[in-house]
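Novice: Pasting a structure below so you can have a look.
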């Protein structure tokens, strides 16, 4: 019976993995198609669509904008999220639980409603179709994730080492910089990587903020798909998947996600 349950569990896990990764495999195959339209299986094989993507000025500009915005958003998510997470985990003050819930509120609200609200606030402020506007809009989504990850890591670290250092005369800032922060670094790297991926892939909020002269890569892809469908779309999807996978693998190989959450 145990052997049968083990076989059934492996079969179930294999089926789930196939369900998740089969669409990605189909997209990968289509990206090498020689056809001028989406078809599976392709009638021929070619790398021309990869060259077409690299030679497309709109996509390259969108890639540059997305990369710049994602790096800035990831950095700001850490700069703003780390003090917030530390205060929520290590400090006692009135309304801490309410603030904790409010920080997570953007993750609960529908993205369309959130985007419309951001647009109504940003339009009078002149932030629409600007880098600062896109950065602030993306921060609304990435900051709660960063704070949540850092909260989890801090909660799992414990305070024994820090308390021992303070009993030996270390000042609070010394304790944080020399003990807490190095132990927290895996969580910092993981939260920064996730913020980077979320910002780079964000499309719903970006659609409300971008303009004709400033757009991100996901928005450029969305507008392209609205007009035509060819294997160039599959190439772009493959490149985005590979980028996200590369970041995840770098985090896993450098610190490990288990270590990132303090386990």
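Computed from the coordinates by the stated procedures, all read-outs in this text should not be read as laboratory data. Predicted model, so just to flag it, every value in this text is computed and none were measured. Cβ placement follows ideal geometry from the backbone for every residue including glycine, while neighbour counts extend to all protein chains displayed.
Novice: Going by a ≥ b ≥ c, the root eigenvalues of the Cα gyration tensor, does segment 130-203 fall in the rounded group (a/c under 1.5), the prolate group (a/b larger than b/c) or the oblate group?
Specialist: It is prolate, given that a/c is not under 1.5 and a/b is the larger ratio.
Novice: Right, next: If you take the square roots of the eigenvalues of the alpha-carbon gyration tensor of the chain and sort them as a ≥ b ≥ c, do you get rounded (a/c under 1.5), prolate (a/b over b/c) or oblate?
Specialist: oblate
Novice: Any idea what the relative contact order of segment 57-260 is, in percent, if you count C-alpha pairs under 8 Å spaced at least 6 apart?
Specialist: Computed value for segment 57-260: 36 percent relative contact order.
Novice: Could you identify which residue out of 238, 53, 175 has the top mean-square fluctuation in a GNM of the chain using Cα springs shorter than 10 Å?
Specialist: Maximum fluctuation in the GNM of the chain, among the listed residues, is at 175.
Novice: Hey, another quick one. Which value in nm describes the separation of the simple spin-label points at residue 9 and residue 168, placed 7 Å from the Cα toward the beta carbon?
Specialist: For residue 9 paired with residue 168, the spin-label model returns 4.3 nm.
Novice: Any chance you could run the full-extension gain for residue 20 through residue 90? It's 0.36 nm times the residue separation minus the Cα-Cα distance, nm to one decimal.
Specialist: 21.3 nm
Novice: Follow-up. Using per-residue counts of other Cβ atoms within 10 Å, averaged over each peptide, order 112-122, 134-144 from highest down.
Specialist: Highest mean packing first, the order is 134-144, 112-122.
Novice: If you average the C-alpha positions of segment 125-146 and of segment 1-56 separately, how far apart do those two centres end up, in angstrom?
Specialist: Comparing the Cα centres of segment 125-146 and segment 1-56, I get a distance of 34 Å.
Novice: Among 93, 32, 208, which one shows the biggest mean-square fluctuation in a GNM of the chain, springs joining Cα atoms closer than 10 Å?
Specialist: 93
Novice: With angles folded into 0 to 90 degrees, how steeply does helix 111-125 sit against the dominant principal axis of the chain? Use alpha carbons for both and round to 10.
Specialist: The two axes meet at around 80 degrees.
Novice: On to the next question. Full-extension gain between residue 160 and residue 99, please, as 0.36 nm times their residue separation minus the C-alpha to C-alpha distance.
Specialist: Between residue 160 and residue 99, full extension yields 19.3 nm more.
Novice: Running a GNM on the chain with Cα contacts under 10 Å, which residue among 20, 188, 204 ends up with the highest mean-square fluctuation?
Specialist: Highest fluctuation of the listed residues: 20.
Novice: Quick one: length gained pulling residue 71 to residue 39 fully straight, 0.36 nm per residue minus the C-alpha distance?
Specialist: 7.9 nm
Novice: If you don't mind, another one. Sorted from fewest to most neighbouring beta carbons within 10 Å, what does the list 229, 152, 167 look like?
Specialist: With the sparsest Cβ surroundings first, the list reads 167, 229, 152.
Novice: Assuming R0 = 30 Å, can you tell me the calculated FRET efficiency for the pair residue 28 and residue 228, based on Cβ-Cβ distance, to the nearest 0.05?
Specialist: E(calc), rounded to 0.05, equals 0.90.
Novice: Measure nothing but the geometry: give the 0 to 90° angle between the long axis through the Cα atoms of 2-31 and the longest principal axis through the Cα atoms of the chain, rounded to 10°.
Specialist: 60
Novice: Something else: Can you compute the FRET efficiency between residue 109 and residue 60 using 1/(1 + (r/R0)^6), with r the Cβ-Cβ distance and R0 = 22 Å? Round to the nearest 0.05.
Specialist: Once the sixth-power term is evaluated, E becomes 0.10.
Novice: Would you mind checking the tilt of helix 231-254 against the longest principal axis of the Cα atoms of the chain, expressed as 0 to 90 degrees and rounded to 10?
Specialist: It works out to around 30 degrees.
Novice: For segment 82-102 and segment 167-201, what is the centre-to-centre distance using only Cα atoms, to the nearest Å?
Specialist: Comparing the Cα centres of segment 82-102 and segment 167-201, I get a distance of 16 Å.
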